[in-house]
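**Student:** Quick one: structure below, then a few questions.
The values are calculated or read from the model by the stated rules, or taken from the named source; none is laboratory data. None of the values given here were measured: they were computed from a predicted structure. Cβ placement follows ideal geometry from the backbone for every residue including glycine, while neighbour counts extend to all protein chains displayed.
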Amino acid sequence: MKEILCYSCNADFYVEWGTENGYRMVKCKNCGLLYVNPVPDDEEIDLAVKTGMHKGETVLNVLNSFSDLKIKDYLEKLPLVYDKNSLCNSFSWLDIGCGYGEFIIALKSFAGGNGIYKGIEPNEIKRDFAQSKELDVDFIDIKNLPDEHFDFVSMLNVYSHLPDPVLFFNEIRRILKKNGEILIQTGDAANLNRQDFPHTLYLPDHLSFATEGIIKNLLEKSGYGRISVKRFHNPGYPVMSTGKKMKKQMYEFLRSIKKSGHKKRNYFINTDRDMWIRAQKN
Ligand SMILES: [Zn+2]
């Protein structure tokens, strides 16, 4: 375990925000980034990513399984993120952390036969499954990929697992062709209170949570422009009518009177926290 600086602004002053599995998530007092500090050793991060399991006070299994629902969800979102006509010429697409291959399957269906798709997945079980679906999926270090090779590089639900997103954005920029694009899908979470976070933190599998502003800033610093963001409802939050929200608020209020130390949840926060961020290599 080692103490680190905030990767977004290099500050070293923070407040504790939450704890889980014996790890601590802190909030940078300068830029607001949430990050695990101290961080586990590199070997442990590698092991967590490769096997979907990690040590800690409890052993977590974050493997889940192939999901048709994910494909359906991607197929609903893709037309809102990309103009299909812009994908009518041939292109090459790399999906990093492709899991069981759901996003590549959705892309193939959305964009038709114009693309060549490649996936990278460190987890062996997921990789084997994707290969059994005839997808071109390997576990390669992106450092070993050639310069200016892909038109698109996507990373869905990957950002929060990265020890150093800036280094990663630079590597992706290197493998993108001129005017190539990165796509980052992640949650907007850093400005939430712990009790308003929709689910388990999965520490230290997740290493940080950012905001739209933090990610835009890091992309600009890493040589990307023409940034656009689409936001969708985060499925971790229930969809509720205003009346139901009011009832829940009242319930939390009464609980806080009854039980000292109870932190009230805010049911009126904006739940459109699933961000799809596109940016072009400058
Ligand atoms: Zn910071």
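**Student:** Name the residues in the range 159-179 that are among the charged types (D, E, K, R) and part of a loop (DSSP other than H, G, I, E, B), would you? Spell out the reasoning first.
**Tutor:** Taking the range 159-179 first, the residues among the charged types (D, E, K, R) are 164, 171, 173-174, 177-178.
Hit for the range 159-179 is Asp164, nothing else.
**Student:** Is it the case that the range 242-263 has a residue that's on the phi > 0 side of the Ramachandran plot and not in a loop (DSSP other than H, G, I, E, B)? Give the steps one after another, and end with the answer.
**Tutor:** Of the residues in the range 242-263, the ones on the phi > 0 side of the Ramachandran plot are 261.
Checking which are not in a loop (DSSP other than H, G, I, E, B) leaves us with none.
Scanning the range 242-263, I find no residue that is on the phi > 0 side of the Ramachandran plot and not in a loop (DSSP other than H, G, I, E, B), so the answer is no.
**Student:** Here's another thing I want to ask about it. Looking only at the range 1-21, count every residue that is away from the ligand (no atom under 15 Å from the Cβ) and assigned to a loop (DSSP other than H, G, I, E, B) and tell me the total.
**Tutor:** 2
**Student:** Within the range 188-204, can one find any residue that is closer than 16 Å to Leu219 by Cα and surrounded by 18 or more Cβ atoms within 10 Å (Cβ to Cβ)? Spell out the reasoning first.
**Tutor:** At the first step, the residues of the range 188-204 found to be closer than 16 Å to Leu219 by Cα are 188.
Now drop any that are not surrounded by 18 or more Cβ atoms within 10 Å (Cβ to Cβ), which leaves 188.
Yes, there is a match, as at least one residue in the range 188-204 is closer than 16 Å to Leu219 by Cα and surrounded by 18 or more Cβ atoms within 10 Å (Cβ to Cβ).
**Student:** Could you tell me whether the range 131-152 includes any residue that is assigned to a helix (DSSP H, G or I) and surrounded by 21 or more Cβ atoms within 10 Å (Cβ to Cβ)? Before you say what the answer is, go through the steps one by one.
**Tutor:** Applying the first criterion (assigned to a helix (DSSP H, G or I)) to the range 131-152 yields 131-132, 142-144.
Filter once more, so that each one left must be surrounded by 21 or more Cβ atoms within 10 Å (Cβ to Cβ): none.
No: the range 131-152 contains no residue that is assigned to a helix (DSSP H, G or I) and surrounded by 21 or more Cβ atoms within 10 Å (Cβ to Cβ).
**Student:** On to the next question. Among what's in the range 210-231 and is touching a Phe, Trp or Tyr at 6+ places or on another chain (Cβ under 8 Å), among the hydrophobic types (A, V, I, L, M, F, W, C) and not in a loop (DSSP other than H, G, I, E, B), pick the residue that is farthest from Cys28 (Cα to Cα).
**Tutor:** Among them, the one singled out is Val229.
**Student:** Still on this structure, please answer the following. For the range 22-43, give me each residue that is crowded, with 18+ Cβ neighbours inside 10 Å, part of a loop (DSSP other than H, G, I, E, B) and more than 9 Å from the ligand (Cβ to nearest atom).
**Tutor:** Across the range 22-43, the qualifying residues are Asn37, Pro40.
Table: residues versus (1) out of contact with any Cys (no Cβ under 9 Å at 6 or more places or on another chain); (2) under 23 Å from Ser208 (Cα atoms).
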site	(1), (2)
Gly99	yes, yes
Ser109	yes, no
Lys118	no, no
Met155	yes, yes
Tyr159	yes, yes
Val166	yes, yes
Asn170	yes, yes
Arg173	yes, yes
Ala189	yes, yes
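**Student:** Would you please name the residue that is surrounded by the fewest Cβ atoms within 10 Å (Cβ to Cβ), looking only at residues in the range 103-130 that are outside any helix (DSSP H, G or I) and within 22 Å of the chain's Cα centre (by Cα)?
**Tutor:** Filtering the range 103-130 for residues outside any helix (DSSP H, G or I) gives 115-123.
Those left that are additionally within 22 Å of the chain's Cα centre (by Cα): 117-123.
Values: Tyr117: 21, Lys118: 21, Gly119: 25, Ile120: 20, Glu121: 26, Pro122: 18, Asn123: 20.
Out of the qualifying residues, it is Pro122.
**Student:** May I ask you to verify whether Asn170 is of a type in the set (S, T, N, Q), in contact (Cβ under 8 Å) with a residue 40 or more places away in the chain, in contact with a strand residue (DSSP E or B) (Cβ under 9 Å, 6 or more places away or on another chain) and surrounded by fewer than 15 Cβ atoms within 10 Å (Cβ to Cβ)? Write out each step before concluding.
**Tutor:** Values: of a type in the set (S, T, N, Q): yes; in contact (Cβ under 8 Å) with a residue 40 or more places away in the chain: yes; in contact with a strand residue (DSSP E or B) (Cβ under 9 Å, 6 or more places away or on another chain): no; surrounded by fewer than 15 Cβ atoms within 10 Å (Cβ to Cβ): yes.
So Asn170 fails the test.
**Student:** Something else about it: Looking only at the range 242-282, filter to residues that are modelled with pLDDT of 90 or more and among the small types (Gly, Ala, Ser); which one of those is nearest to the chain's Cα centre (by Cα)?
**Tutor:** Looking at residues that are modelled with pLDDT of 90 or more and among the small types (Gly, Ala, Ser), I get Ala279.
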